[in-house]
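J.: Handing you this structure, nothing more for now.
No value in this document is a laboratory result; all are computed from the given coordinates. These numbers were taken from a predicted model, which means no experiment stands behind them. Note: ideal-geometry Cβ built from the backbone for every residue, glycine included; neighbour counts use all protein chains shown.
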Ligand SMILES: [Zn+2]
């Protein structure tokens, strides 16, 4: 079968130099695994970290791909709830399922947790014609959700849902600030906040502001402007006046980091919550502690989520309340171009898909 494979790292983001299409053996399932024919897979930043070998080294030869959707073609002898022909999508969070964290419903805190297609291998990820996963790491796709939408949702939807619903405990009527609204994470952050009937302010680069509003954001602010936070403050006053609420933000959905962090803290209400899952513009941030202790601020970290949370998110997709935004689609042969597009991020809105054919 066809697979997108690399056997060496790149130090200069020259993905074309290392990515090769190879013919490898089709996988056979272990007793509790299913094998599925990949119909669509989505790109994530961990694909790039893998090719760089930073921040961690990964098993070689390597197949990337954490989000894959497809049709089940073989099931292992101990598989219980999945059958041949089922439409499934990966839940790429491989945890042990027996430790204290796993058995108390916090599979994302498992010390043995591995991200499929990033930390797994050799040759075990989603960017190939047929791949395999434990039954517990696949979720059935609801009828009116396509393979493309399911692949584009998977890890991003799961992570967003866990941040807002699982960690920040979002409530109807709150004012939510979604940072980086134009990214895959941002598009789900906006829609989940609107699903909870919140007032949503989003930040994005100027070319993406209108698209964020089309997705449901009530207000959109250009976060490349130095004083973007003052604009958010002004808007939060406007919302407070209109709706009879206190001025400020209840929940900040953060995955950017960098110089935005400290400005974000100034915007929170007393007792407000900032939930963070990433730091694409820098992790070594400055924190004015007065905004933390004096205002009783909740700072929450978040990584991935549970399989049940992915199922909840997919349910709301099937109800047309949340949609996966797909930026573009590439073949495996065009993989270097696709990853370069994700890396540059210019004009990108939503997820990039890749398909075997
Ligand atoms: Zn565990």
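J.: Hey, what's the per residue convex hull volume over the C-alpha atoms of the range 102-232, in cubic angstrom? Walk me through the intermediate numbers first.
T.: Details: hull volume 22.1 nm³, N = 131.
Dividing the Cα hull volume of the range 102-232 by its residues yields 169 Å³.
J.: Hey, could you get me the Stokes-Einstein D for the chain, Kirkwood radius over alpha-carbon pairs, 37 °C and 0.692 mPa s, rounded to whole µm² s⁻¹?
T.: 157 µm²/s
J.: To continue, here is another question. At a 10 Å Cβ-Cβ cut-off, how would you order 293, 15, fewest neighbours first? Display every interim value, and only then the final one.
T.: Details: 293 8, 15 20.
Taking fewest neighbouring Cβ atoms as first place, the list is 293, 15.
J.: With a bin width of 5 angstrom, please list the P(r) values of the range 159-301 as percents of all Cα-Cα pairs, from the 0 bin to the one holding the largest distance.
T.: 2, 11, 22, 26, 24, 12, 3, 0
J.: Going by alpha carbons, how many degrees (0 to 90, nearest 10) lie between the helix axis of 228-243 and the longest principal axis of the chain?
T.: Taking the Cα atoms of the chain, the angle to 228-243 is about 70 degrees.
J.: By count of other Cβ within 10 Å, fewest leading, how are 89, 38 ordered?
T.: Working: 89 31, 38 27.
Lowest count first: 38, 89.
J.: Further question on the same structure: Computed FRET efficiency, Cβ-Cβ of residue 1 and residue 321, R0 22 Å: what is it to the nearest 0.05?
T.: For R0 = 22 Å, the calculated efficiency reads 0.05.
J.: For the range 67-132, what is one quarter of the convex hull surface built on the Cα atoms, given in nm²?
T.: Values: hull surface 20.7 nm².
Average of the hull's projected areas for the range 67-132 equals 5.2 nm².
J.: Going 7 Å from the Cα of residue 77 along its beta-carbon direction, which residues of the range 27-71 have the amide nitrogen within less than 14 Å of the resulting point?
T.: Inside the label zone: 29-33.
J.: Calculate I(q)/I(0) for the range 262-357 by the Debye formula, one identical point scatterer on each C-alpha and no solvent, and give its log10 at q = 0.17, 0.20, 0.22 Å⁻¹ to two decimals.
T.: Evaluating at q = 0.17, 0.20, 0.22 Å⁻¹ gives log10 I(q)/I(0) of -1.03, -1.09, -1.11.
J.: Could you tell me how many degrees, from 0 to 90 and to the nearest 10, lie between the Cα long axis of helix 147-161 and the main elongation axis, the longest principal axis, of the Cα atoms of the chain?
T.: 50 degrees
J.: For a footprinting-style exposure proxy, rank 159, 277 by other Cβ within 10 Å, fewest first.
T.: 277, 159
J.: For the range 17-122, which semi-axes, largest first and in whole Å, follow from the square roots of 5 times the eigenvalues of its Cα gyration tensor? Walk me through the numbers on the way to the answer.
T.: Details: eigenvalues 107, 89, 29 Å².
So the three semi-axes of the range 17-122 are 23, 21, 12 Å.
J.: Based on DSSP H runs of at least 4 residues, each adding -39500 (n - 2.57), what is the mean residue ellipticity at 222 nm of the chain after dividing by all its residues, to the nearest 500 deg cm²/dmol? Don't jump to the answer; show the numbers that get you there.
T.: On the way: 11 runs with 99 residues, N = 357.
My calculation for the chain gives -8000 deg cm²/dmol from helical runs alone.
J.: Which residues in the range 125-145 place their backbone N less than 14 Å from a point set 7 Å from the Cα of residue 307 along the Cα-to-Cβ direction?
T.: 133-141
J.: Measure nothing fancy, just the Cα-based angle from helix 307-318's long axis to the longest principal axis of the chain, in degrees from 0 to 90, nearest 10.
T.: Helix 307-318 sits at roughly 80 degrees to that axis.
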